[in-house]
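Read through the structure below, which is laid out as structure tokens, and then see the notes.
Each value in this text was obtained by applying a stated rule to the coordinates, not by laboratory testing. Everything numeric here is computed off the predicted structure, so don't read it as measured data. Please note: Cβ atoms are built from the backbone with ideal geometry, for glycine as well, and neighbour counts cover all protein chains shown.
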Amino acid sequence: MRIIPFASIVSLSLSLISHAQTHTKPDEVGTVTGRVLCSDTQRPARIAEVRLVPTAIVQPSKPSIKDDEDENATLGNDIPPVQTDMSGAFTVHNVHPGTYYFRIDYPGYLTPLLAFKRTQFAHPTPDIQKRIASELQIVTVAPHAVTTADTTILRGAAISGTVRYDDGSPAPGIYLELYRRNPKGEFKDEYDPPGFSQITDDRGQFHITSLPTGEFVLAANFSISEAVLSSMPMPDGKTVDIKIDKTLFSLPLFSGDALRLRDAAIIKLDTGQESSGNDLTLPLSKLHPVTGSVIAQDGHTINSAKVSLLYADTREELTNVLVSRDDGQFHFLYVPEADYILSVKEAADITQIEVANPPGVTPRTRTEDKAIHTYSDVEQPLAVQNDVASVLATVPDKKSSPTTTAAP
């Protein structure tokens, strides 16, 4: 195996590589063979997945390729893997000449390539260049040659625990994800690389593996949704029913049983460390329903508005809902005890009208919403210490200046 400086990789031409891949004769390809070992056991990585990802990913994406599709190509997800045998050995045949990143996927172990994004290859900072040079193994394939590429994979860290409700029952089917502290010191709501998320099992337990070193916050998302069927007319005159999941309630719970990210307990991971006992308990007894109506100054109920709950101290949004068309009210199902600002935006009196469909489409008309009157935004304080019902938020007419009203 020959190591190539990163600067040489950046200078590679995508067009030349594409040309080589599309015009290489069958007898001009090479072969890559090797063995994969586990660093902690020095035993073979059996039935591990091996991929050779072209270093052409350093080139900018094509405008016609969507970001998510391009990202998958960068990571090599669209490349069929070759599996190692019981001795950890593998062979990849018919490899086009060129340079490749060596990607190994094995449960519980790190896959260094997944720690980078395409944009980091396309526009690497000096720090990223150093990381690429030190963390990624590069394989150079020559025609008519067998290249040996042995490697040792590192066990990643892991986080485990149980999610429960405060009555002691387990919380199965809860979506979990990790926020990792970035170089700016922030915990982002997407772990980079993607894929380190999980859903709790039937006992509310989770075990997230293959993690690098760093500082993390664990986030569990408690949500309730309902499926709504919507009919869409087709050009052939038929209609197709589309299922849309409508979220009725969503509440995050962070490590340390914190309901706000700023209060979350930080989980520090070292190389290969198993951090257990990261349990989460949702305090159902301290969550309360909040319901109310948005009304105009003349007292009539407004049937359309976006209503949000903001924490009073930081104006950070807890959640938002729309006024229900069923009863003309807004409903927050489970609200933590705290002081909030109730924010009402996009308030309007809505009526439904029939609109003609394009020629040849059946049915000939469809129903759409039409605003017959709109209102200004409004905010008012709201303290939640128990169940809150019949909240009234009065919105001024658009012709009037926005105001802040007192709590009901």
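Other residues whose C-beta falls under 9 angstrom from the C-beta of Gln352 contribute a net charge of -2, scoring Lys and Arg +1 and Asp and Glu -1. Note on the stretch 284-405: with charges restricted to the Cβ of Lys and Arg (+1) and Asp and Glu (-1), its dipole about the Cα centre is near 380 debye. Residues whose amide H comes within less than 5 Å of that of Leu282, counting only those at least five positions distant or on another chain, are Arg164, Tyr165, Asp166 (H built at 1.01 Å from N in the peptide plane). By definition, a body whose alpha carbon gyration tensor gives a ≥ b ≥ c is oblate when a/c is 1.5 or more and a/b is not larger than b/c, and the stretch 278-408 fits this oblate description.
When a/c is below 1.5 the answer is rounded, else prolate if a/b is larger than b/c, else oblate, so apply that to the stretch 204-324 with a ≥ b ≥ c taken from the square roots of the Cα gyration tensor eigenvalues.
Here the stretch 204-324 falls in the oblate category.
Among the listed pairs Lys286/Lys398; Lys246/Lys370; Lys130/Lys268; Lys184/Lys243, those with a Cα-Cα distance over 32 Å are Lys286/Lys398; Lys184/Lys243. A cut-off of 5 Å between modelled amide H atoms, ignoring neighbours fewer than 5 places along the same chain, links Ser304 with Ala348, Ile350.
Over all other residues within a Cβ to Cβ distance under 10 Å of Ala383, the charged ones net out to -2, with Lys and Arg as +1 and Asp and Glu as -1.
Exposure proxy shown here: for Glu316, Glu177, the number of other Cβ atoms within 10 Å sets the order, fewest to most, as Glu316, Glu177.
Averaged over residues, the count of other Cβ atoms within 10 Å places the peptides 108-115, 382-389 in the sequence 108-115, 382-389, highest first. Summing Lys and Arg as +1 and Asp and Glu as -1 over all other residues whose Cβ lies under 12 Å from the Cβ of Ser230 gives a net charge of +1. For the stretch 199-309, averaging the sequence separation of C-alpha pairs within contact (under 8 Å, six or more residues apart) and dividing by the residue count gives a relative contact order of 22 percent. Here the calculated FRET efficiency for Asp326 and His207, from their Cβ-Cβ distance with R0 = 30 Å, stands at 0.15, rounded to the nearest 0.05.
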